[in-house]
Structures are given as structure tokens and as C-alpha cells.
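A.B. asks: Following this message is one structure expressed as C-alpha cells.
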Amino acid sequence: MNVPFYEKLWMWAAGVLVVAFLATIVVGVAGSALQPPSHVETIDPTKVWNDPRFGARGVTDDAHGVTVIAVGMMFAFVPNEIRVPAGRPVTFRLTSADVTHGFLIVGTNGNTMVVPGYVSQFTTVFREPGEYLIVCNEYCGLGHHLMSAKLIVETGGARP
Ligand code: CUA
């Protein structure tokens, strides 16, 4: 088969791009511990407040580790102040009581969509103590820009 030089060049260039794009996914997952939102667990969005999984919102620290239970709604996160220890894995479990929201912890890799009908879960570690801003990064209505919360990462969180 006789393929002209320039056609070969472009075929190789396209091939290199495909490999490069796949590599970004591998680097994101393996290197930066990015995880896709786990939209596998469902919930009735009209009964979020009565659902036992979201009945007690806030932070728990027990045998399962540090878990944050929070609900997104127009136009707030409940709770709107979250305190977690530095240097330990923190699992966030989130859902929405109305429309699709976002949950981005600015300056960290904590970022997921919060979709009504599903429980979004991710685990991350905060190495730097301090105050972090949580914002909604999915347009959810007129008050979207007001939808925020505070994450406080505290030192001395490591248990013996
Ligand atoms: Cu909630 Cu934008």
C-alpha cells in the first residue's frame, strides 16, 4: 500500500495525540488520585432529609474513618462548616435535595458533581491545615454564586 509521506505524518500525529490523552487519564488516576464521582448508589431526592444515610449531617470519626455527610440544596450546603483532621483520609458522601450542584474544595483535588437521586462519594487527604472554601461549580439557579461552605482542616487530628 502506498501511503504518501504527509498522510503518514498526520496518522502518526493523531496516534500520538490519542496516547497523550489516554496518558492524562492514567496520570490523573494514578498520580493525583482523581476519582470519578461514584454514581452507583441511589437515593430518593424528595426524601433526602428523612433518609437514614443523610439524617445526621456532619463529620463522624469512627472505625470506618473520617466521614463527612452533607447535602447540597438551592443555595447552600448543609452543614456549611465542616471540620476534618489533617493527614488522614476523609470520605465525603454527598447528595442533592433538588437540582444538580457541584462540590469543589478550592485548592485541593476534592471535586464532584452532586446529582439528585445519587450519592456522590470520594475520599481524599488534606495535608495542609487551614481554611478552605467549598463552592458549587455547577450552575444551579439564580443563587448559584452564593452557594458556598467552609472546610476547616485541623492539625493534631491523627489518633494514636
Ligand atoms: Cu448549587 Cu450552583
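The numbers here are math on the coordinates, done by the rules we state, and not lab data. Remember, predicted model here, so these are calculated numbers, not experimental data. Every residue, glycine as well, gets a Cβ built from its backbone with ideal geometry; the counts of neighbours run over all protein chains shown.
A.B. asks: Starting from the Cα gyration tensor of the stretch 13-160, take the square roots of the eigenvalues, sort them a ≥ b ≥ c, and report rounded, prolate or oblate (rounded when a/c is under 1.5, otherwise prolate if a/b is larger than b/c, else oblate).
C.D. replies: Oblate shape, in that a/c is at least 1.5 and b/c is the bigger or equal ratio.
A.B. asks: Here is a follow-up. Just order 23-33, 81-91 by mean Cβ neighbour count inside 10 Å, highest at the front, would you?
C.D. replies: In descending order of packing, they fall as 81-91, 23-33.
A.B. asks: Using the number of other C-beta atoms within 10 angstrom as an exposure proxy, rank T67, T42, T95 with the fewest first.
C.D. replies: Working: T67 18, T42 10, T95 27.
Going from least to most buried by this count: T42, T67, T95.
A.B. asks: To continue, here is another question. Measure nothing fancy, just the Cα-based angle from helix 5-26's long axis to the longest principal axis of the chain, in degrees from 0 to 90, nearest 10.
C.D. replies: For 5-26 against the chain, the angle is about 20 degrees.
A.B. asks: Using a 10 Å cut-off around each Cβ, can you sort D44, D61 from fewest to most neighbouring Cβ atoms?
C.D. replies: Working: D44 11, D61 14.
Going from least to most buried by this count: D44, D61.
A.B. asks: In what order do M113, M147, M1, M11 fall by count of nearby beta-carbon atoms within 10 Å, going from fewest to most?
C.D. replies: M1, M11, M113, M147
A.B. asks: About its Cα centre, what dipole magnitude does the chain give when the only charges are +1 on Lys and Arg Cβ and -1 on Asp and Glu Cβ, stated in debye to the nearest 20? Write down the numbers at each step before the final one.
C.D. replies: Numbers: 10 positive and 12 negative charges, 43 e Å.
Here the chain has a charge dipole of around 200 debye.
A.B. asks: If I model a spin label at V18 and L34 as a point 7 Å from the Cα along the Cα→Cβ vector, what separation in nanometres do I get?
C.D. replies: Going from the V18 label point to the L34 one covers 2.1 nm.
A.B. asks: Give me, ordered by chain and number, the residues 5 or more places off S148 or on other chains with an amide H under 5 Å from its own placed amide H.
C.D. replies: F77
A.B. asks: Kindly provide the trypsin sites (Lys or Arg not before Pro) of the stretch 90-160 that DSSP labels as loop, not H, G, I, E or B, and whose Cβ sees at most 11 other Cβ atoms within 10 Å.
C.D. replies: R127
A.B. asks: I'd like the FRET efficiency for D44 and E128, computed as 1/(1 + (r/R0)^6) with the beta carbon distance as r and R0 of 45 Å, rounded to 0.05.
C.D. replies: 0.75
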